[in-house]
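Beneath this line is the structure, given in C-alpha cells, with notes to follow.
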Amino acid sequence: MKFNRHRQFILSGLRWMLITGIPPVFAVETAHFPAHPLRLIVPAPTDGGASVQARLLAPSLRAHLGQQVLVEHRAGGGGVIGSAAVAQAPADGHTLLLTSAALAVNAAWLPEQMPFDVLTAFAPVSLIATAPLVLAVHPGVPAKTIPELVVLAKRARPVIRAGGNAAGSLSHVALTLFSRAAGFRAETVLFNGGGPAAQSLVQGQYDLLLMAAPVAVPLVTRQRLRALAVTAAEPMPQLAGVPAMKQFFPELVVQNWYALLAPAATPQPVITRLHAEVRRALGDETVRERYAAVGLVAVGSAPEVLAQTLQRDVARYAGLIRRGDLPLQ
C-alpha cells in the first residue's frame with residue numbers, strides 16, 4: 001500500500017514536470033519529498049491559537065510523511081518575523097507557515113512596511129480551521145453581559161483598559177470595531193501574542209480582551225475568565241449560555257482562521273502531497289475532537305479556497321482602514 005502511494009506520487013510529480021518543463025533533476029528531488037525533517041513555523045508565542053493546532057497536527061503529519069515535523073515558534077512584529085522567514089525559505093516544501101487571519105490584517109494595515117507581498121509570497125496549502133474570537137473579562141469586572149460592559153466602559157474614568165494580542169492582530173481589529181460600534185474609548189494594552197495577552201488578563205492587569213477561541217475556552221471553562229460574547233454569527237456549543245456578539249452589534253461578526261502556507265514557487269506535486277496529508281490529519285476523529293473541544297472547526301480546504309480567503313480578508317480590512325472605520329492606533 002505504501003509502495004503504491006509512493007509510486008502514484010512519483011508519477012503525478014513527473015507528469016506535472018513534463019507539463020511545466022521543470023528539469024528532470026528537480027523532478028527526482030520532488031518525487032522524493034520529503035527528503036529531511038520539516039520546519040513548521042508558527043509566527044507567535046508558544047501558547048496561542050496557532051500553537052495549539054501545530055501541536056495537534058505535527059504528530060499526524062510526522063506519521064504519514066515519514067519525517068520529523070519540528071514546530072518552531074518565531075514570534076515578533078505581529079507575526080511578520082516568522083512569516084518572512086518562511087517567505088524567504090527555499091521553495092521545496094520543507095519549511096511551512098502555520099498562521100492565522102492576522103496575516104491578512106497586517107497586509108491591509110501596513111502594506112508598505114511588510115517585507116513581502118502576502119498575496120504572492122506564499123503558495124497556499126490548506127485552510128486548516130476556523131474559530132470566532134471570545135470577548136472575555138477578568139472575573140473582577142462587575143459586568144456579566146455585553147450591555148453591562150458597554151455601560152461600564154462608557155462610565156469608566158479615565159477609560160476602561162482592554163488588551164490586544166499585538167498591533168494589527170485580529171484581536172486588535174475586533175477591539176477597535178467593538179469600541180467604535182458601542183461608543184466607548186479604551187486604553188489598549190498590546191502584547192506579543194495571544195498567550196501573553198490572555199495570561200495578563202487572568203492576572204488582572206487590564207479588564208477585557210477579544211481572544212482566540214482555542215486560548216479562551218480552557219480559561220473560561222476553568223473559571224479563570226468570564227466570557228460575555230463570541231464573534232461568530234451563532235453561539236458556540238463549547239461556551240453554553242454565551243451569546244453571539246451579533247445579537248448586540250450585527251456588524252460584529254469576526255471569523256478567525258488558521259492556515260498552512262509554503263513559500264511561493266513550491267512545486268505543485270509537493271503542495272498536493274502536503275494538502276493530502278493535512279486532509280488526512282484533519283479527518284482523524286481524535287484530532288477533530290481535540291479541535292472541537294477548544295472551539296475550532298476543522299476545515300482542510302483546497303489551496304484555492306485558502307487563496308480566496310486571504311484575498312477576501314485583505315480587501316475587507318483594507319476597505320475598513322480606507323473608510324476610517326478601523327483606525328488601528
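The values are calculated or read from the model by the stated rules, or taken from the named source; none is laboratory data. Everything numeric here is computed off the predicted structure, so don't read it as measured data. Glycine gets a Cβ as well: all are built from the backbone with ideal geometry, and neighbour counts include every protein chain shown.
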- [ ] Determine whether the range 69-86 contains at least one residue that is of a type in the set (A, V, I, L, M, F, W, C) and under 12 Å from the mean Cα position of the chain (by Cα).
- [x] no
TODO: Please verify whether the range 259-271 includes one or more residues that are in the same structural domain as Gln88 (by TED's automatic domain parsing), touching a helix residue (DSSP H, G or I) at 6+ places or on another chain (Cβ under 7 Å) and either modelled with pLDDT under 95 or of a type in the set (Val, Ile, Thr) (or both).
DONE: yes
Task: Residue under evaluation Ala302, criteria (1) assigned by TED's automatic domain parsing to the domain that holds Ala107; (2) in contact with a strand residue (DSSP E or B) (Cβ under 6 Å, 6 or more places away or on another chain), criterion not met - done: (2)
- [ ] Please indicate, with yes or no, whether at least one residue in the range 152-169 is modelled with pLDDT under 95 and among the polar types (S, T, N, Q).
- [x] yes
Task: Leading residue by the ranking (farthest from Gln68 (Cα to Cα)) among those in the range 83-99 that are of a type in the set (Ser, Thr, Tyr) and not in a helix (DSSP H, G or I) - done: Thr99
Task: All positions within the range 100-122 that are under 16 Å from Arg312 (Cα atoms), of a type outside the set (Phe, Trp, Tyr) and not in a loop (DSSP other than H, G, I, E, B) - done: Ser100, Ala102, Leu103, Ala104, Val105, Asn106, Ala107, Ala108, Pro111
Open item on the list: I need a count of the residues in the range 268-288 that are within 26 Å of Thr221 (Cα to Cα) and within 19 Å of the chain's Cα centre (by Cα).
Closed with: 3
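Going by the structure shown, is Gln88 touching a Leu at 6+ places or on another chain (Cβ under 7 Å), among the polar types (S, T, N, Q) and surrounded by fewer than 23 Cβ atoms within 10 Å (Cβ to Cβ)? Walk me through how you get there before you give the answer.
Details: touching a Leu at 6+ places or on another chain (Cβ under 7 Å): no; among the polar types (S, T, N, Q): yes; surrounded by fewer than 23 Cβ atoms within 10 Å (Cβ to Cβ): yes.
No, not satisfied.
Considering each residue of the range 72-84, count those that are in contact with a strand residue (DSSP E or B) (Cβ under 7 Å, 6 or more places away or on another chain) and surrounded by 18 or more Cβ atoms within 10 Å (Cβ to Cβ), and give that number.
Initially, the range 72-84 is screened for residues in contact with a strand residue (DSSP E or B) (Cβ under 7 Å, 6 or more places away or on another chain), giving 72-74, 79, 82-83.
Checking which are surrounded by 18 or more Cβ atoms within 10 Å (Cβ to Cβ) leaves us with 73-74, 79, 82-83.
Of the residues in that region, 5 qualify.
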- [ ] Those residues that are within 22 Å of Val217 (Cα to Cα) and either of a type in the set (S, T, N, Q) or exposed (fewer than 15 other Cβ atoms within 10 Å of the Cβ) (or both), I need them from the range 148-160; list them, please.
- [x] Glu148
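Among the candidates Ala89, Ala75, Ala102, Ala58, single out the residue that is assigned by TED's automatic domain parsing to the domain that holds Glu289, in contact with a Ser or Thr (Cβ under 7 Å, 6 or more places away or on another chain), among the aliphatic types (A, V, I, L, M) and under 30 Å from Leu219 (Cα atoms). Please lay out each step first, then the result.
Working: Ala89 fails: under 30 Å from Leu219 (Cα atoms); Ala75 fails: in contact with a Ser or Thr (Cβ under 7 Å, 6 or more places away or on another chain); Ala58 fails: in contact with a Ser or Thr (Cβ under 7 Å, 6 or more places away or on another chain).
Going through Ala89, Ala75, Ala102, Ala58 in turn, the sole match is Ala102.
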Task: Unique match (being within 20 Å of the chain's Cα centre (by Cα), on the phi < 0 side of the Ramachandran plot and not β-branched (Val, Ile, Thr)) among Leu228, Leu306 - done: Leu306
Open item on the list: Looking only at residues that are surrounded by 16 or more Cβ atoms within 10 Å (Cβ to Cβ) and of a type in the set (A, V, I, L, M) in the range 293-307, which one is modelled with the lowest pLDDT?
Closed with: Val294
Open item on the list: If I go through the range 161-190 residue by residue, how many of them are farther than 22 Å from Ala318 by Cα and buried (at least 23 other Cβ atoms within 10 Å of the Cβ)?
Closed with: 2
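Just to verify a result, which residue in the range 250-267, among those that are more than 20 Å from the chain's Cα centre (by Cα) and surrounded by 18 or more Cβ atoms within 10 Å (Cβ to Cβ), is nearest to His172 (Cα to Cα)? Let's see the steps before the verdict.
As a first pass, look at the range 250-267 and keep what is more than 20 Å from the chain's Cα centre (by Cα): 250-251, 265-267.
Applying the additional criterion that residues be surrounded by 18 or more Cβ atoms within 10 Å (Cβ to Cβ) yields 266-267.
Working: Thr266: 32, Pro267: 35 Å.
Per the stated criteria, the residue is Thr266.
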